[in-house]
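Only one structure is covered here, and it is reproduced in the block below.
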Amino acid sequence: MSHSKITGMNDPMTGSKQERCVSLAQYIIENNATVRTAGKVFGISKSTVHQDITVRLARINPELHRQVRKILEKNKLERHIRGGLATKRKYASANGN
């Protein structure tokens, strides 16, 4: 689902930072998304996503912040697995498998 469907905005920079934080949080929760994926979808950097989620969202909506942090913690615990799978795919395609 694109961010414009979630937020009703065509441009992620339209609206306030608070609206962007909530939209990012909703996207991450609904799609079990990573910071990198959310940044690509919204057209902003990973650093901005991280800042919005960890600092701004905590002040704006603490409950939504807790939900997003659970997903981000899970992603952090799984990232070594995703990295290993990506390496496996890389070498499998290089060897013609």
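Within a Cβ distance under 12 Å of Ile60, other residues only, what is the Lys/Arg minus Asp/Glu net charge? Provide the component values of the computation, followed by the final result.
Working: positive: Lys17, Arg20, Arg56, Arg59; negative: Glu19, Asp52, Glu63.
Residues close to Ile60 contribute a combined charge of +1.
If I model a spin label at Lys40 and Ala94 as a point 7 Å from the Cα along the Cα→Cβ vector, what separation in nanometres do I get?
If labels sit at Lys40 and Ala94, their model points lie 2.1 nm apart.
Ranked highest first by average number of other Cβ atoms within 10 Å, how do 40-48, 21-29, 70-78 line up? If you can, show how the numbers build up before the last one.
Details: 40-48: 15.8, 21-29: 22.0, 70-78: 12.9.
Those peptides, ordered most packed to least, come out 21-29, 40-48, 70-78.
Where a Cα-Cα gap under 23 Å defines reach, which lysines qualify for Lys40, not counting those fewer than 8 residues away within the same chain?
Lys5, Lys17, Lys70, Lys74, Lys76, Lys90
Any read-out appearing in this document is the output of simple, stated calculations on the displayed coordinates, not a laboratory observation. Given the structure is predicted, the values throughout are model-derived calculations rather than measurements. Virtual Cβ from ideal backbone geometry, glycine too; neighbours counted across all protein chains shown.
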